[in-house]
Structures are given as C-alpha cells and as structure tokens.
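Visitor: Provided herewith is a single structure, encoded as structure tokens, for subsequent inquiry.
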Amino acid sequence: MKLLSIGVEKEIAEQAVMALRMRWPEMKVDAVELGAAGIEAGRRRNPDVVMVQRTFQDVSLDDVLRGLRKHTDKPIIVWGTEQGEMEAVRALEHGADEYVRPQVGLMELVARTMALLRRTQLFPSSEGAAAATSGSLRIDPATMGVEKDGRKLNLTPTEFRLLLALMRNRGSTVSRRFLEQHLWDNRTDAQALVKKYVQRLRTKLGDDPEAPEWIANVPGTGYRFIGPPEPAGAPLQTAGPRVAS
C-alpha cells in the first residue's frame, strides 16, 4: 500500500504512519510539504490513500482537493482542526472522503482508513492480517498468538499490541508518546504504564535490558525493535479476519 502525505505535520505524520503499519506493515510513504507539489505527486505516484493537512501556504486546501480529484479516485483523508466545522464541510464538498480532528485516536484513524479502502474495494474485508517473524519469534495478528522457540507466549492484549507495534516498525524508534496513544488512546496517564509494559514484555521474551536482543531503549525518546529481520523473500502469511483488540 502507498500513502501520500501532503502538508501533514511531522509528529502527526509519524504517529499516523506507525498506526497504519499495524495493519499494512509494507506500507510505503511519500511525503510532500507544499500543496502544488502534492497535486503533482498524486498524479505521478498513484497512491492508494492520501492524507492532507492544511499547513501549506502556496495554494488553498480546496485547490489541493480539486487538483487531486482530477487525477485519482483513491481515498483522501483531511486532518483538520478542532474548530473546523466549515472547513470540514468544504473539504467533503471538494472531494475528501474523511475529515478527522486532532483528538481522533490512532486506532480510529486506522479503522476509518480500512473502511475507506473497503468501500473502494482496495482492501476486501476477508483479507487476513500478515503474520510477522523475527528469528525464533513469530506473531500472528489474526489469532493474537505469539511463539518463541516453538513455545507459546501468554501475552495480555496490551502486551500483544505493544509487541506488534514494535515489530511492525522494526528498526525505527517508536516514541513513548506514540505508544501511550496507541495502547491507551489518551484515556489515562500512560507515561508510567509504557515503561511497566515494556518491562513485562521483556520478561516474557527473556530479554535482558542491559544487553537486549529484542527491544532496545532509545534514551529520552522511546524503544526500538532490534530482533533479526525476516528472511528476504519470505512469503506473507495470512489467517482469517483480524481480531479486534
């Protein structure tokens, strides 16, 4: 899947991409800052989904949406403002499929994107979620099953989602802030919870925080999954509809 990001603030874009990779781990991202460049990218790069935020000053949001709609019928999501009632109406009138406000949770963003793709028949509802492997570790989103060295690991739903978030963003630093939003959706003070759940997950993986093999600390930022990559050319494994968590 290919995502085109136009004018989306860096922090928002990074968090949105990490959330969407929970479902589409092979997603590729093209990011442009200016509206006119975004229209041209929509014409040349044939994205599957477009995400737009009105931070550009060269053209209006209306012009960007109209320009995109000349070249693509793929889903367009506008990331709006808290007080953007009129903007939301105009965006939908000029071709946007969804208008989301800053307080929308990351999992809701994924759900809305999946609904858009289903409506455009780009992502059939019967398609299964791809399993992921790293050395002796295997995780299956369809069954919420985790195995290491052929032995089943009993993870709680939150531990499972934490591990999946880290594995789907293998090699990238996943911020504590992202994990707070992804795991608890701002419903509680989650700063201490992230550290606690990482410790629990490390214990179940048999990972030593002083000499980690699976999850590394990135001081002052977050965590990075450092397990071995999947073998080159390994087939994606799928199994049934994804279990909601």
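Visitor: Which one is modelled with the highest pLDDT, of the residues in the range 84-123 that are hydroxyl-bearing (Ser, Thr, Tyr) and farther than 18 Å from Thr55 by Cα?
Guide: Among those residues, the one meeting the criterion is Thr113.
Visitor: Quick one: which helices (runs of 4 or more DSSP H) lie wholly within the range 142-209 and hold at least 2 residues that are surrounded by fewer than 18 Cβ atoms within 10 Å (Cβ to Cβ), aliphatic (A, V, I, L, M) and modelled with pLDDT under 90? Full working, then the answer.
Guide: Working: elements: 157-168, 176-184, 191-205.
Fully inside the range 142-209 and qualifying: 191-205.
Visitor: Which one is surrounded by the fewest Cβ atoms within 10 Å (Cβ to Cβ), of the residues in the range 17-40 that are part of a loop (DSSP other than H, G, I, E, B) and more than 11 Å from the chain's Cα centre (by Cα)?
Guide: Glu33
Visitor: Scanning for something buried (at least 16 other Cβ atoms within 10 Å of the Cβ), part of a loop (DSSP other than H, G, I, E, B) and under 19 Å from the mean Cα position of the chain (by Cα), does the range 55-69 turn up at least one residue?
Guide: No, the conditions are met nowhere in the range 55-69.
The values are calculated or read from the model by the stated rules, or taken from the named source; none is laboratory data. These numbers were taken from a predicted model, which means no experiment stands behind them. So basically every Cβ, Gly included, is an ideal-geometry build from the backbone, and we count neighbours across all protein chains shown.
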